[in-house]
Each structure stands twice: as C-alpha cells, then as structure tokens.
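Heads up, the thing below is written out as structure tokens.
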Amino acid sequence: MKSYTDLKQSKTLAKILPLESVDMNYWCGTQIRIGGHRTMDKDLDVPCWSLAALLNIIPQEIFDGEYIINITEGINNRWVITYDHNENRNHSYYGLSTSADNLVDACTDIIIKLKERNII
C-alpha cells in the first residue's frame, strides 16, 4: 500500500500547501527520507506528505457542514472520495470527487481540487 506522496505529487503539493502540513518527510533526490535525521534543505529537498498528513489536511465538511466527506473503497478496490450533501446522501457536490487505486493518490487529487476551488 502506498503510504507517501510520490515525487511528482510532492512537488505539486509543495506549491499549494503550507510546509507546516508536512510530517517531517521529504524527498532527497530520488530517495524518500522518513522522519529525516537532518533538517530539510528547502533548495534541494522536496517535502513529502504521508497518508496521515493528507487526511489531516482534507476538511471533513465544507460549506458550513452542508457537504460532508465520504471516503470509501469502491468497485475494483478503487478508493473514492466525494463530498455528499449532509441531508441527501444521493446528492454530491458537483466536480468534487475522485477515485484512485490507492488512498494517497485519491487524497492528493481531492486536495488539488479543493485548492482550485479555493475551499482550502
């Protein structure tokens, strides 16, 4: 199971998320450093987010609780993230859903979509 953002995802998230959201992991060249023993060099290293850090970034609800997050493992073991209407679970927030083979990829994609819509 994928536990951390890959290098490409990390570079994308580093442009849109505060560095305080990183949980001390980073890419040093092409190797990941988990809870690194040295200080991350902002010019050489790329921050890396764990699944736990990504889940902490994603809001549990949006629009004052009108929509709440729904994370499920769907058909063919694909992870699905949607924001469902609080009162009518059959109604999801348009365009704010994603699916991926693993939860890290799904979380990364939903964070990018939330940022594009200025929700986070």
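Any read-out appearing in this document is the output of simple, stated calculations on the displayed coordinates, not a laboratory observation. In this text, all values refer to a predicted model and were calculated from it rather than measured experimentally.
The phi-based Karplus calculation (6.51 cos²θ - 1.76 cosθ + 1.60; θ = phi - 60°) puts the 3J(HN,Hα) values of region 99-106 at 9, 7, 5, 9, 6, 4, 5, 5 Hz, whole numbers, x for Gly and Pro. Ellipsoid semi-axes for region 58-120, based on the Cα gyration tensor and the rule √(5λ), read 18, 15, 8 Å when sorted largest first. Rounded to the nearest Hz, the phi-derived 3J(HN,Hα) couplings of region 55-65 under the Karplus curve 6.51 cos²θ - 1.76 cosθ + 1.60 (θ = phi - 60°) are 5, 6, 7, 5, x, 6, 8, 10, 6, 6, x, where x marks glycine and proline. By the rule of a C-alpha distance below 15 Å, with chain neighbours fewer than 8 residues away ignored, the aspartates and glutamates paired with Lys8 are Asp45, Asp105, Asp109.
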